[in-house]
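Every read-out reported here was derived from the displayed coordinates using simple, explicitly stated rules and does not represent laboratory data. Every value quoted in this text rests on a predicted model; they were computed, and no experiment measured them. We place every Cβ from the backbone using ideal geometry, glycine too, and count neighbours over all the protein chains shown.
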Amino acid sequence: MDRIELLRERIRDVPDFPKPGILFKDVTPLLGHGPSFRLCTDLLAEKVGANKPELVIGIESRGFIFGAALADRLGVGFAPVRKPGKLPFKCSREIYSLEYGTDALEMHEDAVDGKRCLIVDDLLATGGTAGATARLVERLGGKVDGYLFVIELEFLKGRSKLTHPAQSLIRY
Ligand code: AMP
């Protein structure tokens, strides 16, 4: 079977989570199966190719898991992007709009330090979270090489909102 299809089989659809009308793409079956988790990291590393970043940025919370595994594979550092109030040191904050209301993300002020960054998350939906992360990285003096997602919900057209190259493994 195609390697992408092997991974797709390990993604579970959970209807109406966390609220009615959302079809949640649950990656815990993929993470819980060693060969699939390794295959996923293999495929993410293949997408990176020769253009290795200096730092992987992972978005809370599933972006930490895939991002940290990829950073380890590439032999580069990892920096977390978190919801407000979670990081202990001095932070920079980016506020972004949701369908109703706003949300915010934070990074440590010294996390990026002029590096070339690759932003990693489990899933690209509307692109709001990923876009805000890139603005945060650039505000802190980093250069965004691009984005890498395990899953992309293409019908939400999040990619069109992003101003840096985006790649994804599994598309719906
Ligand atoms: P967005 O900002 O709309 O692109 O949403 C992306 C963020 O929300 C990612 O961190 C995802 O983990 C999460 N997310 C959005 N929609 C889903 C979904 N259908 N299933 C799982 N996670 C989702």
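For residue 139 and residue 4, calculate 0.36 nm times their separation in residues minus their Cα-Cα distance, and state this gained length in nm to one decimal. Walk me through the numbers before you get to the answer.
Working: separation 135, 0.36 × 135 = 48.60 nm, distance 3.48 nm.
Here the answer is 45.1 nm.
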With a ≥ b ≥ c the root eigenvalues of the C-alpha gyration tensor of region 7-101, is it rounded (a/c under 1.5), prolate (a/b larger than b/c) or oblate?
oblate
Over the alpha-carbon set of the chain, divide Rg by the Kirkwood Rh and report the Rg/Rh ratio to two decimals.
0.95
Going 7 Å from the Cα of residue 157 along its beta-carbon direction, which residues of region 124-141 have the amide nitrogen within less than 16 Å of the resulting point?
125-128
Would you mind computing, in nm to one decimal, how far apart the modelled labels at residue 90 and residue 26 are, each placed 7 Å from Cα along Cα→Cβ?
4.3
In whole angstrom, note down how far apart the Cα centers of region 34-99 and region 100-128 are.
9
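For the chain, what is the calculated [θ] at 222 nm in deg cm²/dmol (nearest 500), taking -39500 (n - 2.57) for each run of four or more DSSP H residues and dividing by its residue count?
Values: 5 runs with 51 residues, N = 172.
Helices in the chain give a 222 nm mean residue ellipticity of -9000 deg cm²/dmol.
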Kindly state, to the nearest 0.05, the FRET efficiency for residue 33 paired with residue 68, given R0 = 22 Å and r defined as their beta-carbon distance.
0.75
Where does the charge balance sit around residue 90 when Lys and Arg score +1, Asp and Glu -1, over other residues with C-beta under 13 Å from its C-beta?
-2
Go through 25/115; 86/143; 19/47; 90/161; 83/157 and tell me which ones have a Cα-Cα distance over 27 Å in this structure.
25/115; 19/47; 90/161
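Could you give the size of the charge dipole of region 3-171 about its Cα centre, using +1 on the Cβ of each K and R and -1 on the Cβ of each D and E, expressed in debye and rounded to the nearest 20?
Details: 25 positive and 23 negative charges, 23 e Å.
So the magnitude is around 120 debye.
Full extension from residue 113 to residue 100: what is 0.36 nm times the residue separation minus their Cα-Cα distance, to one decimal in nm?
Working: separation 13, 0.36 × 13 = 4.68 nm, distance 3.35 nm.
That works out to 1.3 nm of additional length.
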So, in nm, how far is label residue 12 from label residue 60 when the simple model puts each one 7 Å beyond its Cα toward the Cβ?
2.5
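Loop-only check: which chymotrypsin sites (Phe, Trp or Tyr not before Pro) in region 71-142 are DSSP coil with at most 10 other Cβ within 10 angstrom? Working shown, then result.
Details: sites: 78, 89, 96, 100; in loops: 89, 100.
Passing both the DSSP loop test and the Cβ count: 89, 100.
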